[in-house]
2 protein chains.
Amino acid sequence: MRKFNFKIILQLMGILLLFNGGFMLVSGLVSWYFNDGALNGILLAGGLTVFIGIVLRFATKGFEKKIKKREGYLVVTLGWVTMSLSGALPYILSGAIPSFTDAFFETMSGYTTTGASILNDIEIIPKSILFWRSTTHWIGGMGIIVLAIAILPLLGIGGMQMFAAEAPGPSGDKLHPRITDTAKRLWFLYFGLTLAEAVLLKLAGMGYFDAINHAMSTLSTGGFSTKNASIAFWNDQPLIQYIIIFFMFIAGTNFVLSYFAFKGDFKKYTKDEEFKYYFIIIVSLTIIATIIIYFYASVSIHPTDIQVIAHPKVFGELESSFRHGLFQVLAVVTTTGFVSADYTIWTPFLTVMFLIMMFLGASAGSTAGGVKIVRHIIMIKNGFLEFKRSLHPNAIVPVRYNTKTVTRGIVFNIMAFFILYLIVFAVGSLVFSLMGIDLITSVGAAASSLGNVGPAFGDLSPVNNYSSLPPFGKWWSTMLMLCGRLELFTVLIIFTPYFWKSN
Amino acid sequence: MRKFNFKIILQLMGILLLFNGGFMLVSGLVSWYFNDGALNGILLAGGLTVFIGIVLRFATKGFEKKIKKREGYLVVTLGWVTMSLSGALPYILSGAIPSFTDAFFETMSGYTTTGASILNDIEIIPKSILFWRSTTHWIGGMGIIVLAIAILPLLGIGGMQMFAAEAPGPSGDKLHPRITDTAKRLWFLYFGLTLAEAVLLKLAGMGYFDAINHAMSTLSTGGFSTKNASIAFWNDQPLIQYIIIFFMFIAGTNFVLSYFAFKGDFKKYTKDEEFKYYFIIIVSLTIIATIIIYFYASVSIHPTDIQVIAHPKVFGELESSFRHGLFQVLAVVTTTGFVSADYTIWTPFLTVMFLIMMFLGASAGSTAGGVKIVRHIIMIKNGFLEFKRSLHPNAIVPVRYNTKTVTRGIVFNIMAFFILYLIVFAVGSLVFSLMGIDLITSVGAAASSLGNVGPAFGDLSPVNNYSSLPPFGKWWSTMLMLCGRLELFTVLIIFTPYFWKSN
Ligand SMILES: [K+]
Ligand SMILES: [K+]
């Protein structure tokens, strides 16, 4: 068996823990400011995390500064697990979520930006803990941007591996140190956008605490809210919802494009094929949803009293239908999972449409989960060309994307990814149903967990939460979240014999 | 635009009509024998069909005896439509099914060997019409064997194109006349197996009319029954059900393998990878189903009074659980769709399992519909190898099947087929839901129609039928049946621009 450089792996875990502990201390400051009684628990969690981080770094001193592909997969997967294990400490030690299963679920749901929650009453949780909850989203979103744009392409994984050649540094076996350059710029943009949304939400009338939390939840396409009714809480303040709509759209866009736009180059947006289809998909689905909601569904009547506080029809039926249609389409396509209304009561057609939408995913290089639009574009183009190939078996008919030829290897990889995604989805549904969960709920839980969406169908519809799942169901859901978030291959490759075999 | 040889297409349609008319006259004999009052209608239908066939043949005399790939696709698709249009005549003209939509549905369901029915009371239908109904299955099954083994590989379509090189004659652009040789042998085997099942069923205690009809329904993996309760009618006669189980298994096996076995060469069975997995899948799923039925589901209590006539627990709970588990697993995997019990009330887990099973399909070269096991084998093998390719990007890692290397083009084609299958399934579900049909029923109707299974879920569960669908839903279902039966490409290619463009 080939030797792994475990020292560098542990060293990197140590760095992650220090980083995570630092963020916990920020939540500590929030607790101190609000005097919400969670301070001791958070400080203990932060201290413990920092301590273990320091121990790990010391214990692995003198590690070989060379990381290979295989270690790369382990670092990414173990990184997310390490973050989730330590990130659960503030919940447990503050007493906000005493159960380890529940706390781990909430944390993994945070870092994977899924936003599924086991909390029955969010509004009684100390503010600093809610802030920590949003922070896990924000860190997870940050992590995924860097991962998608800078690291996964080098590992030959993810929708963006076709841009591997354009990634900084030679796309060899080793990870290039220059990725930190790219990372810094993207973080800066991510931070700026979060700040901008928070300021706009505050100006639109949201309280500043809610504004900051929802901004962190939006840019990461996470979906945790500080309100039990999620964004339906502001159904009588359309401006707030339109601001969130705008930033969900941005969060579902490739951050590389937004970076160029930020530098004044808006042409990159218009020239990008994935952006074009992302835009077309959102517009088309919104038109369909609006028409059906307006004519066939009631947007004002909700099954639970949670929504009674809201007055969705501020500007009338049509505006309300449009807003909720657009909001929920973006919430599901960008996999943010915010809730302005319950899409499962919007006619059987929209229910099926929203289920299918869970398999779309927004842009590669965004914080969105799911399959991603670029993969669908390439698969559908290839599907059409397969007809041409049937008629002209000797002709070479390559797929073109963004005016370039996509190599057969990449098309192969994308199709294999999609099929693997569906197999994991099918097995995921089966395992849920094994716990006695009905068909719609099982299928929805698997699709939503794997796609990092959050709300699902049946017992896990947008007006419910995941607290009703049996403990094993919660663990299974976190497994699917992790697999989906890390583009399947990163996690599953570790379970193949090839990974552990020597060269 | 390139010129099509429409004359040969019409000539072949003429031949099909003569052939179909001939079979109608056999049903006429049945009507005369039973004196069931349908004789005039059937003779009129048969006469009309033969007449149009003769007219078509005369009108296209002197056709060029050369058929190219493109005409091949049209012949196959139009052939199935022509058969279904003419095959609906006996239903309409005898008055058994007066509505054209319903009659066309029943006929397309027959020729595609789907076995979904709009008949609320099968047992009041004249015997000759029931015989005609079974005949459509039997002709459809016969057609599909020849298509799958001899014609589609030459068109570069279907799970068996990898054997194209082994097909009789050079696999060039033209269809080789020697395919009729293969066809004759396979028909002989098909006929012999049908006869054998009919004799065995009769010996086991079934009436000879029912025995003949069910034998035709089994070998074609069709599923039409002469009883309202389907095979649950014989729940107190396990021997009859075990005979049907055996022949469903055979019907889901590659007929080329059975042909060699018939000639004494049983090694072909054991050496074939698809057969091995087919066997393993049936055994594994049966064990799972048996255990869950035995411990968690009640096999004796049925929701409708239809099953009260049956006494399923003749040999006790365990035998009954095993028998119904095995029967329904085979009925769904082989896409026969016979019903011995309602699998949708067998716990949520088995409901999800049976839904997923609709996407399996049995062997290529059998009469079963669906995706087929060979495609799953190759996709799963390729999925595993994709991990290896990630780790060794420069290595060439081909998929091996039956000890041979599968070319990348074939793996490509199979993955594209599967993705297309899922897209058609998703669109299929959406269209059903657009008619106000609930999620489970919509999803089930699409999966079952496309996979040529028959029974589905929700309002189309095994104890229901398709009569409740709105008219457009019935047409949409026949469209899916046809697409699924003809391996998608054959039908859909006609709707692509490539097909109609000149070379
Ligand atoms: K989410
Ligand atoms: K069938």
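The values are calculated or read from the model by the stated rules, or taken from the named source; none is laboratory data. For clarity, every value in this text was computed on a predicted model and none was experimentally measured. With ideal geometry, Cβ positions are generated from the backbone for all residues, glycine too; neighbour counts draw on all protein chains shown.
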### Query
What is the one condition in (1) within 23 Å of the chain's Cα centre (by Cα); (2) more than 13 Å from chain B (Cβ to nearest Cβ) that A:Leu420 does not satisfy?
(2)
#### Entry: Every residue from segment B:329-368 that is away from ligand 2 (no atom under 15 Å from the Cβ), in contact (Cβ under 8 Å) with a residue 12 or more places away in the chain and assigned to a helix (DSSP H, G or I)
B:Thr344, B:Ile345, B:Thr347, B:Phe349, B:Leu350, B:Thr351, B:Met353, B:Leu355
## Note on the structure
For segment A:227-250 the number of residues that are surrounded by 23 or more Cβ atoms within 10 Å (Cβ to Cβ), within 23 Å of A:Ile139 (Cβ to Cβ) and modelled with pLDDT under 95 is 2
### Task
Could you figure out which of (1) outside the structural domain of A:Thr218 (by TED's automatic domain parsing); (2) surrounded by 22 or more Cβ atoms within 10 Å (Cβ to Cβ); (3) without any contact (Cβ under 8 Å) to a residue 24 or more places away in the chain isn't true of A:Ile378?
(3)
#### Entry: Residue within segment A:30-45 that is within 30 Å of A:Ile494 (Cα to Cα) and either buried (at least 19 other Cβ atoms within 10 Å of the Cβ) or in contact with a Gly (Cβ under 8 Å, 6 or more places away or on another chain) (or both) present
yes
### Query
When you look at B:Ala289, is it under 25 Å from B:His324 (Cβ atoms), in the same structural domain as B:Leu318 (by TED's automatic domain parsing), in a helix (DSSP H, G or I) and within 22 Å of the chain's Cα centre (by Cα), yes or no?
no
### Summary
Residues of segment B:423-433 being more than 13 Å from B:Ser449 (Cα to Cα), of a type outside the set (S, T, N, Q) and at the interface with another protein chain (Cβ under 7 Å from one of its Cβ atoms), in sequence order, are B:Leu430
### Message
Here are the criteria: (1) surrounded by fewer than 23 Cβ atoms within 10 Å (Cβ to Cβ); (2) of a type in the set (Gly, Ala, Ser); (3) more than 7 Å from chain B (Cβ to nearest Cβ). Tell me which single one A:Gly454 does not satisfy.
### Response
(1)
## Note on the structure
Of the residues in segment B:105-127 that are farther than 20 Å from B:Leu39 by Cα and more than 16 Å from ligand 2 (Cβ to nearest atom), the one that is farthest from the other protein chains (Cβ to nearest Cβ) is B:Asp121
### Summary
Among B:Phe295, B:Phe315, the single one that is in contact with a helix residue (DSSP H, G or I) (Cβ under 9 Å, 6 or more places away or on another chain) and either in a helix (DSSP H, G or I) or modelled with pLDDT of 85 or more (or both) is B:Phe295
### Query
Would you call A:Lys404 of a type outside the set (Val, Ile, Thr) and either within 14 Å of chain B (Cβ to nearest Cβ) or within 18 Å of the chain's Cα centre (by Cα) (or both)?
no
### Query
Quick one: would you say B:Phe322 is of a type in the set (Phe, Trp, Tyr), away from every other protein chain (no Cβ under 11 Å) and buried (at least 22 other Cβ atoms within 10 Å of the Cβ)?
no
### Query
Got a sec? Which of B:Phe418, B:Phe432, B:Phe425 is under 19 Å from B:Cys483 (Cβ atoms), touching a Lys or Arg at 6+ places or on another chain (Cβ under 9 Å) and at pLDDT 90 or above?
B:Phe418
### Subset of segment A:383-397 that is at the interface with chain B (Cβ under 7 Å from one of its Cβ atoms) and over 38 Å from the mean Cα position of the chain (by Cα) - its residue that is surrounded by the fewest Cβ atoms within 10 Å (Cβ to Cβ)
A:Pro393
### Residues of segment A:462-503 satisfying the condition of being hydroxyl-bearing (Ser, Thr, Tyr), within 13 Å of chain B (Cβ to nearest Cβ) and touching a Phe, Trp or Tyr at 6+ places or on another chain (Cβ under 8 Å)
A:Thr490, A:Thr496, A:Tyr498
### Message
Can you confirm whether B:Asp438 is surrounded by fewer than 22 Cβ atoms within 10 Å (Cβ to Cβ), within 10 Å of another protein chain (Cβ to nearest Cβ), in contact with a helix residue (DSSP H, G or I) (Cβ under 9 Å, 6 or more places away or on another chain) and of a type in the set (D, E, K, R)?
### Response
yes
#### Entry: Number of the exception - B:Thr221 against (1) under 18 Å from B:Ala196 (Cβ atoms); (2) touching a Lys or Arg at 6+ places or on another chain (Cβ under 7 Å); (3) within 16 Å of ligand 2 (Cβ to nearest atom)
(2)
